[in-house]
Structures are given as structure tokens and as C-alpha cells.
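Let me give you the structure first, and then I'll get to my questions.
The values are calculated or read from the model by the stated rules, or taken from the named source; none is laboratory data. None of the values given here were measured: they were computed from a predicted structure. Cβ sites come from the backbone with ideal geometry, for glycine too, and all protein chains shown count toward neighbours. For the accessible areas, the whole protein counts, side chains as well, though only heavy atoms, and no ligand, DNA or RNA atoms are used. Shrake-Rupley method; radii C 1.70, N 1.55, O 1.52, S 1.80 Å.
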Amino acid sequence: MKPESTTETDALPLVAVVGRPNVGKSTLFNRLTGRRQAIVDSKPGSTRDRAYGRVEWQRKEFSIVDTGGLSPGADELFLKLSKAQADVAIGQAALVILLVDAQSGLLPDDQALARKVRASGKPVLLVINKAEAKRRETNEFARLGFGEPFPISAEHNEGIGDLLDLVCEKVEAPEIVETDEHARPIRVALVGRTNVGKSSMLNRLVGEERSIVSPVSGTTRDAVDSEVAWQGKPYLFVDTAGIRKVRLLDDGADHVAVVLAKRAIDRAEVCVLLVSAEDGMREMDATIAGLVQESGRAVVVAVNKWDLAKSLEKTAAQMREEFSYRVKFLEYAPVVLVSAKTGMGRKDLFTAIDRARSEWSRRIPTGPLNRCLQTAVARNPIRFKKGAEGVNLLYAAQIRVDPPTFTLSVNREGELHFSSERFLMNCLRKEFGFQGTPIRIWLRVRRSRSGPQSFKMRKAVPRPRTDGKPNSGKEMVQDTSSKFEAPKTRIDKRRPRRS
């Protein structure tokens, strides 16, 4: 069963931003979308994949796509792939923004790109970037034949409002429609080290060549968003750059790509950790699994390239056992066997994503929660790191979801020992499930409502009467036999003043 086409993005008019390298396409894209999604770097060829985003302006909205710079001076392999990505973006667009640079002036590459855009037959809006305060001469760009150029400065936010008004008018941008919270797509981040098949998996799920795929390590740099509908349910998949060690990063764009990959993990609801069946579990896989664990996101482990399992003489049980041994702290994550090349395991992958997302937002009633934890503590008492004894569990409650977080009210201050924390988490998973989601446990000390006592008063007893009448209970005297002492009053030892 093939995934259906995207639903929400296709309904909006698409604006494509094209131009040669270093004219500010990614800067303009980030300015219009309102977030730093595309990589901005002075080195040509930083953008390779198509980066889609949504622009909202004056209660209207439209989609925008950023493309890689087209120049003969770029790397031949990525130049060919970037050209193909730009051709797809131009073909999908309702309006093409041809961006040029006012600082460098009109170049032959601009003229060649103008001929290419004119041949597509799409409406074109010529925009001149880096024209701060219109101090630069822009008349030479009129020779491109697209009418009067529109000067802006994407970095300094000059002319952006007028540009948005013009774009909304040309594409007839629709009004913003308030969507139901339950109809919002599930955000899924594809994470992993380099060359494990993240971009190939995204292309398989989307049904088209959405991301550039090559054997070169570190091909993907931008966090590429793609909406997919599977069996009528929307998903937003984010293809991230392969996370590598810092010493293996070549330039500043690679550093930014890793930062964007980690940021995509924080923005996601479910993280799909892709590992290679051909290479097995490696040290970097465990490091990335630790990043996902710390982020508190739901996680599904996808073993890619499983079509090579027969030649590798590996079984599903062996792969799951290897993962559990190397990444013990992520034993709760379901392991799915997939193949981006053949499409095997897609149904199991979507099923695991749905279940992990549901468990990530699950809430447990207070009654069953307390019964489960009280039974667990009766078998194995709570331990602190510093060895404090007599720790009693007074009350437990779930205070939040995404991920499930519980607070345990105890009678002593201290830090929970990792063995006790793991034991309590295992009891919760055994009783309630929570497959594919981390669990957080916090401690709080329940104190007396009256606050701490600085001293204790002696116990009062009735004073015996001497007249033979019964005691009314009003006459009270302090019991001197009590072990508690009354607070001593302060004695003023200062000398009296002389008269």
C-alpha cells in the first residue's frame, strides 16, 4: 500500500525561491517562515534539498520552498542533483521568485537562470536582495525582462512586508483556516548517523525523490519536512542530517546541520532511530539514542536494509538482542525491520509510530497508580543515593504527559538511587505498558502543614483541688516529669542606668 499524497500543504499555493548561490535564498526563506529552518552559510552549495515551509501574513497563508543554488562552479555531483530538485520545485510552484544580488550586480548565471525560469511558463517575480535602503543601483536587472525589480533586504527586514502583500495578491493566498487539534499531523523525526538510509526512507514514504540520495557521507544538511497521509492519518516527517562526531565535521555548514538535526529532535513527537542492518549497532548509534532519551520524545527503532539479512546471515531475534545489549537504556523502544529500497515493513513502522505517540500522551488514574507503586515499594523499599533509610512512599500522582511524568511524595529529602528508579519504571511498564515512550519520576518531600517546630511545649495535666470539690478542668499545671523543657526566657544582664 502506497502512502497517499500530502493533504494540507498541497491545498496552499506554492512559491518557489530560485537563484544562483549566495544571493540570500535561505535567508529570505527563514525570514518569511519566521524560523531558522534553512542553513545559511557563505560557502556556495550549502542548500541541497528542497526545504518547504508555511508563511502566514495578514490572516492569509501560502507555502514556500527553498532550493539549492545553481552554478557551474559547484560540485558536479550535487550540482546535477540540485538542478533536479530545483526543476521539481519550479514545476510545482504557482509563482517563482527569481532572487538576484544587488551587491554583485547582474551576472551571466542570472541571465541563464532567467532563461530557464521563462521557459517553464510560470509567473515570475524578480526580487533584488541586499538592496539596503535602495542605495544600490538596480536598473541593470530590468534587462532580464520580468518587469520592474522589487528591492528588499532579507537580512535587515527591509521591504519584506510589501513583498508579502505582492505575493499574496499574485497567488491569491487563502484565508487561514483554524484546524482541529486532533487533525494536526504527528511530527516524526528520522534520526541516525550518516549513510543509514534516512533520505531513502523519506523518499519511500513520500513516494517521490524528496531528498537527495548519494553514497557521499553528509549529503543531507537541511532538516527537510514532508507531509504524508497514511490510511487517512496525517504525518509530518523530518529528514535530518546524519549526526557525526565533531572532529569529523568538515566546515561550518556541517556543524549547523548537526545543530538543526538536534533541534528537529526537540520539535518532534516521535523519533525514528534508523540503524543499519549491514553495519550493526555502533557507538554513534548509542550516542544518538542517548540524545533521543534525554529529549523525552517517543522513539521507534527501525533497522534499515533488512533486505540484506539473508546475505548477512542475521535473524530478527539476533538484531533485537544486539540492540538490547548495546542500548540497554532504550529497551522499551519497539524494533521494526524495514527496507527503504523495497518498501518492506512500512505498515509495521506506521503502526509502531501510532502506538508510541499514543503511549507518549497516556494518563494513568491516581488510584491504580498508587496501588501499583505501593505494591512495588512493599517488595523493594525506596533507596536514596546516600543510603538514607526509612524512606516511605506517601502518595504518587501523574502531573503531566508528553512524556508521562510522575511525582512521588516521600517523607525524607534525598536523590533517588538509579536502581530504585529503574525498578519503579519497570513496574510501571509491566502494569501499564508505556511502550516506546520514556518515563520521568520526580520526588517531593511532604512537610507538616504547621511548619517546623522550634520547640515543644510540655504536656498539661489537671491541678488537684484542696477543697474536696470535683475538678472542673480549667485549672491546669505543667507536668514537671515531662522530658521536654519549656523555652527559657532571656535574662537582661545589662547594668541599670544611673539616675
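For residues in segment 258-275 being outside any loop (DSSP other than H, G, I, E, B) and modelled with pLDDT of 90 or more, which is nearest to Arg400 (Cα to Cα)?
Filtering segment 258-275 down to residues outside any loop (DSSP other than H, G, I, E, B) leaves 258-267, 270-275.
Narrowing further to those that are modelled with pLDDT of 90 or more: 270-275.
Numbers: Val270: 17, Cys271: 20, Val272: 23, Leu273: 25, Leu274: 29, Val275: 31 Å.
Among them, the one singled out is Val270.
When you scan segment 307-319, how many residues do you find that are farther than 21 Å from Glu208 by Cα, part of a helix (DSSP H, G or I) and either modelled with pLDDT of 85 or more or open to solvent by less than 70 Å² (accessible area, probe 1.4 Å) (or both)? Before the answer, list the steps.
Keep residues of segment 307-319 that are farther than 21 Å from Glu208 by Cα, which gives 308-319.
Applying the additional criterion that residues be part of a helix (DSSP H, G or I) yields 308-312, 316-319.
Adding the requirement that they be either modelled with pLDDT of 85 or more or open to solvent by less than 70 Å² (accessible area, probe 1.4 Å) (or both) leaves 308-309, 312, 316-319.
Looking only at that region, the number is 7.
Just wondering, is there one or more residues in segment 76-86 that are surrounded by fewer than 23 Cβ atoms within 10 Å (Cβ to Cβ) and modelled with pLDDT of 85 or more?
No, segment 76-86 contains no residue that is surrounded by fewer than 23 Cβ atoms within 10 Å (Cβ to Cβ) and modelled with pLDDT of 85 or more.
Looking at segment 257-278, I want the residues that are open to solvent by 10 Å² or more (accessible area, probe 1.4 Å) and have a partner that is assigned to a helix (DSSP H, G or I) and among the aromatic types (Phe, Trp, Tyr) with Cβ atoms under 8 Å, at least 6 apart or on another chain. Which pairs are those?
Glu269/Trp360
Test Ile288 against the criterion of being out of contact with any Ser or Thr (no Cβ under 9 Å at 6 or more places or on another chain), open to solvent by less than 70 Å² (accessible area, probe 1.4 Å) and at pLDDT 95 or above, and give yes or no.
Values: out of contact with any Ser or Thr (no Cβ under 9 Å at 6 or more places or on another chain): yes; open to solvent by less than 70 Å² (accessible area, probe 1.4 Å): yes; at pLDDT 95 or above: no.
So Ile288 fails the test.
Here is a follow-up. Mind listing whichever residues of segment 325-361 are open to solvent by 80 Å² or more (accessible area, probe 1.4 Å), in contact (Cβ under 8 Å) with a residue 12 or more places away in the chain and under 30 Å from Leu394 (Cα atoms)?
Of everything in segment 325-361, just one residue is open to solvent by 80 Å² or more (accessible area, probe 1.4 Å), in contact (Cβ under 8 Å) with a residue 12 or more places away in the chain and under 30 Å from Leu394 (Cα atoms), namely Phe329.
Could you list, in sequence order, all residues of segment 192-221 that are over 15 Å from Ser276 (Cβ atoms), among the polar types (S, T, N, Q) and modelled with pLDDT of 70 or more?
In the first step, residues of segment 192-221 are kept if they are over 15 Å from Ser276 (Cβ atoms); the result is 202-212, 214, 216, 218-221.
Narrowing the set further to residues that are among the polar types (S, T, N, Q) leaves 203, 211, 214, 219-220.
Within segment 192-221, just Asn203 meets the criteria.
Scan segment 449-456 and give yes if some residue there is modelled with pLDDT under 95 and surrounded by 12 or more Cβ atoms within 10 Å (Cβ to Cβ), otherwise no.
At the first step, the residues of segment 449-456 found to be modelled with pLDDT under 95 are 449-456.
After this cut, where a residue has to be surrounded by 12 or more Cβ atoms within 10 Å (Cβ to Cβ) as well, the list is 456.
Yes; the residues of segment 449-456 include at least one that is modelled with pLDDT under 95 and surrounded by 12 or more Cβ atoms within 10 Å (Cβ to Cβ).
If you don't mind, there's one more thing I want to ask. Being assigned to a loop (DSSP other than H, G, I, E, B) and modelled with pLDDT under 80, is that true of even one residue in segment 222-232? If you could, list the steps in order and put the result at the bottom.
Taking segment 222-232 as the starting set, the residues that turn out to be assigned to a loop (DSSP other than H, G, I, E, B) are 222-223, 231-232.
Then keep just the ones that are modelled with pLDDT under 80; that gives 222-223.
Checking segment 222-232: at least one residue is assigned to a loop (DSSP other than H, G, I, E, B) and modelled with pLDDT under 80.
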